[in-house]
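Enquirer: Here you go, one structure.
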Amino acid sequence: MSHSRSRLNKESARLANNAARVAITLSALVSIAALLAILCFLLLNSFRAVGEVGLWEMLSGTIWHPTSSPPAFGFLPAESGSLWVTLIAIVCAMPIGVGAAVCLSEFISGRVREVAKSLVECIATVPSVALGLLGMTFLVPWIRTFFSLPSGLTALAAGLMVGILCLPTIVSISEDALTAVPDALRQGSLAMGNTKWQTAVKIVVPAAWPGIFAAILLGFGRAVGETMVVLMIAGNSGLVVQGPFEAARTLPGTIASEVAEVVRGGLHYSALFAMALVLFLSTFVVNLIAAQVIDRSRRRWSR
Amino acid sequence: MVTDVLQALRFASPRATDPEVAVGIDAESAVVPHFATHTAVSAEAVLCANNTAAASEAVRCEEGAQVVTRDLRGAFELEGVSIRYGKETVVSGVSMCIPSKSVTALIGPSGCGKSTLLRCLNRMNDEIAGAAVTGAVRLEGVDINDGKVDAVEVRSRVGMVFQRPNPFPMSIYDNVAFGPKTFGIRRRSELNGIVESALRSAALWSEVKDVLNKHAFELSGGQQQRLCIARALATEPEVLLMDEPASALDPVSTQQIEDTIAKLGQEMMIVIVTHNMQQAARVSHQTAFMLRESNEAPAELIETGDTKSIFTNPRDSRTERYITGRFG
């Protein structure tokens, strides 16, 4: 009697196990399928533009005049805009973000640290449109008067605001990498007569460097994809951007501002999809590298 | 069986605690017998047992009931040292004298505060939130916990080797050169000299002299630990603290580490925490036995003395019971 019951229990446990495994596998497959579907969708829709304009002509073309005749579909204005905004964002966010992470992991502890950490992560919950408004009302006029420019709507203004947006990514991933450094290394360094500061700069940060690098890459991915802030305060010029004080438009900004007005299935429509494809592939590759680096640095300490 | 022999030896030895007996016996002859061979210990060996490695009679230092003469130059004196973690007192009322140019072992069961006491000799307890040290810890007569004394300076004089090897994630060379570089030594030739002599002192030079640029993580565990010893020696400390330095190592590596300790102990003060009594017997000149009598009570220093007298002729019955393996 009890024997058969235990057999029954085992049988149902086995069934439940199998069902769970199928469900988990399915959900994993769905996410991968979604990724592939997005890629296919972008590829299919950008075929026409690639065929009629040519891939290299699009990537390196300096003029974006989609509605004139003949139209010109050069991505360089948007590419240069994205590059400048992202560069400014990373250059500003990197020292602040890494510095904050070092401070959080090495110099403060207990409740203060927990509170500070969650406050930094709160930045991620601020809607980017709110930051856009903030930039428009405070940063843009300030930049115009400080640098005496005709307009404050520049790559610099957008870059600074996007920098704030990628801070939480950089801080929290760098902080993870720093706390993953074994305490034995800190103890070893302190016991040699190094100060806390020397220990942090000479031992902990270099040891956590792969993780910090990955954090910067992920911040980069976040900055490249940011749409709303740049749409609002980058100035939206159609020219190739050559410096931080020029008005700029970015890849996502161009797509977002024009997609509502194009003819479905037309050449312009297809060119916007090609632009989205460039954006997707660049963030995808950056994130892939970051994931690899994080994975490798994690394995380094798990010995 | 062992206890019986110890008892017999004790009666055979003419007052081993008498300093007069101890002084003047050649330190080299005082080879500490392997614990397992105690049955073969002769009365002469017990006579030697009270010999001190640094048997100079500069200062008389009280150690409980026993009066031993010690050289205070470069020595550590602990007076009424208690250590608290938050509200809990973990080590209470430790008074002892640790002479320079010798090896002192701290022994006792797990969790008896040996490592905690060791960490207060280079103020590493400062790094633990809520830890507080009271009493005096004097190095050459200066209290290292004095407000005017910088912890960083103490640690550059008192080096430390940890239980698990913790080389920095860099090359062998850079690990050893790390300390000297921090102290501002930049000249390559000077650094090379320091690195070589530190690695020689740690008995690692012959194994790594051709691969100094190899990453430290590629060394074996025993090599890594000797690298950590070399790293500590490169800053030329006066004292080296070792917290169970061989407990994570295989027997061959342990032997190499012990040989290194024996050699270094002729030049500098070494304080070693070990839960391996045979190791304490093999490498140390002095031994201090610590014990926490119950989970609520703080750990105390039960007995200190020359290693031989502790192992063959302990004064306290608790020491004897621990040595003979009745507990711990």
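Enquirer: Specify the residue that is nearest to the chain's Cα centre (by Cα); the eligible residues are those in region A:108-136 that are surrounded by 14 or more Cβ atoms within 10 Å (Cβ to Cβ) and within 14 Å of chain B (Cβ to nearest Cβ).
Expert: Filtering region A:108-136 for residues that are surrounded by 14 or more Cβ atoms within 10 Å (Cβ to Cβ) and within 14 Å of chain B (Cβ to nearest Cβ), the one nearest to the chain's Cα centre (by Cα) comes out as A:Arg113.
Enquirer: Which helices (runs of 4 or more DSSP H) sit wholly inside region A:112-184 and have at least 2 residues that are among the hydroxyl-bearing types (Ser, Thr, Tyr)?
Expert: Numbers: elements: A:128-134, A:140-146, A:155-179.
Per the criteria, A:155-179.
Enquirer: Only one of these is of a type outside the set (Ser, Thr, Tyr), surrounded by fewer than 17 Cβ atoms within 10 Å (Cβ to Cβ), within 20 Å of B:Ser95 (Cβ to Cβ) and more than 8 Å from chain A (Cβ to nearest Cβ): B:Gly135, B:Gly147, B:Gly141, B:Gly130. Name it.
Expert: Values: B:Gly135 fails: surrounded by fewer than 17 Cβ atoms within 10 Å (Cβ to Cβ); B:Gly147 fails: within 20 Å of B:Ser95 (Cβ to Cβ); B:Gly130 fails: within 20 Å of B:Ser95 (Cβ to Cβ).
Step by step, each of B:Gly135, B:Gly147, B:Gly141, B:Gly130 is checked, and only B:Gly141 is of a type outside the set (Ser, Thr, Tyr), surrounded by fewer than 17 Cβ atoms within 10 Å (Cβ to Cβ), within 20 Å of B:Ser95 (Cβ to Cβ) and more than 8 Å from chain A (Cβ to nearest Cβ).
Enquirer: Only residues that are farther than 25 Å from A:Ala290 by Cβ and within 10 Å of chain B (Cβ to nearest Cβ): list them for region A:203-245, please.
Expert: none
Enquirer: Quickly run through region A:64-92 and pick out the residues that are outside any helix (DSSP H, G or I) and in contact (Cβ under 8 Å) with a residue 40 or more places away in the chain. Spell out the reasoning first.
Expert: Going residue by residue through region A:64-92, those that are outside any helix (DSSP H, G or I) are A:64-75.
A:Trp64, A:His65, A:Pro66, A:Thr67, A:Pro71, A:Phe73, A:Phe75 - these are the residues of region A:64-92 that are outside any helix (DSSP H, G or I) and in contact (Cβ under 8 Å) with a residue 40 or more places away in the chain.
Enquirer: Of B:Val211, B:Val158, which residue is under 22 Å from B:Thr260 (Cβ atoms), at pLDDT 90 or above, of a type in the set (Val, Ile, Thr) and within 20 Å of the chain's Cα centre (by Cα)?
Expert: Details: B:Val211 fails: within 20 Å of the chain's Cα centre (by Cα).
Matching residue, one of B:Val211, B:Val158: B:Val158.
Enquirer: Still on this structure, I have one more. When you go through A:Pro70, A:Pro66 one by one, which is the residue that is in contact with a His (Cβ under 7 Å, 6 or more places away or on another chain) and of a type outside the set (Asp, Glu)?
Expert: A:Pro66
Yes or no, residue by residue, for (1) free of Cβ contacts under 8 Å to residues at least 24 places away in the same chain; (2) in a helix (DSSP H, G or I); (3) closer than 20 Å to B:Ala177 by Cα; (4) acidic (Asp, Glu):
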site: B:Glu207; (1), (2), (3), (4): yes, yes, yes, yes
site: B:Val211; (1), (2), (3), (4): no, no, yes, no
site: B:Gly222; (1), (2), (3), (4): no, yes, yes, no
site: B:Leu227; (1), (2), (3), (4): no, yes, yes, no
site: B:Ala246; (1), (2), (3), (4): no, no, no, no
site: B:Ile257; (1), (2), (3), (4): no, yes, no, no
site: B:Ala280; (1), (2), (3), (4): no, yes, no, no
site: B:Ser294; (1), (2), (3), (4): yes, no, no, no
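Enquirer: Taking the residues in region A:48-107 that are of a type in the set (Phe, Trp, Tyr) and either touching a Ser or Thr at 6+ places or on another chain (Cβ under 7 Å) or exposed (fewer than 15 other Cβ atoms within 10 Å of the Cβ) (or both) as candidates, determine which candidate is farthest from A:Leu267 (Cα to Cα). Can you show your working first?
Expert: Filtering region A:48-107 down to residues of a type in the set (Phe, Trp, Tyr) leaves A:56, A:64, A:73, A:75, A:84, A:107.
Then drop every residue that is not either touching a Ser or Thr at 6+ places or on another chain (Cβ under 7 Å) or exposed (fewer than 15 other Cβ atoms within 10 Å of the Cβ) (or both), which leaves A:56, A:107.
Numbers: A:Trp56: 16, A:Phe107: 56 Å.
Filtering first and then ranking leaves A:Phe107.
Enquirer: Also: Can you name the residue in region B:152-179 that is in contact with a Ser or Thr (Cβ under 7 Å, 6 or more places away or on another chain) and surrounded by fewer than 23 Cβ atoms within 10 Å (Cβ to Cβ) and is also farthest from the other protein chains (Cβ to nearest Cβ) among such residues?
Expert: As a first pass, look at region B:152-179 and keep what is in contact with a Ser or Thr (Cβ under 7 Å, 6 or more places away or on another chain): B:152, B:156, B:159, B:163, B:179.
Going one step further and asking which of them are surrounded by fewer than 23 Cβ atoms within 10 Å (Cβ to Cβ), we end up with B:152, B:156, B:163.
Working: B:Val152: 5, B:Ser156: 3, B:Gln163: 9 Å.
The selected residue is B:Gln163.
The values are calculated or read from the model by the stated rules, or taken from the named source; none is laboratory data. The structure displayed is predicted, hence computed values, not measured ones. Every residue, glycine among them, receives a Cβ derived from its backbone with ideal geometry; neighbour counts consider all protein chains shown.
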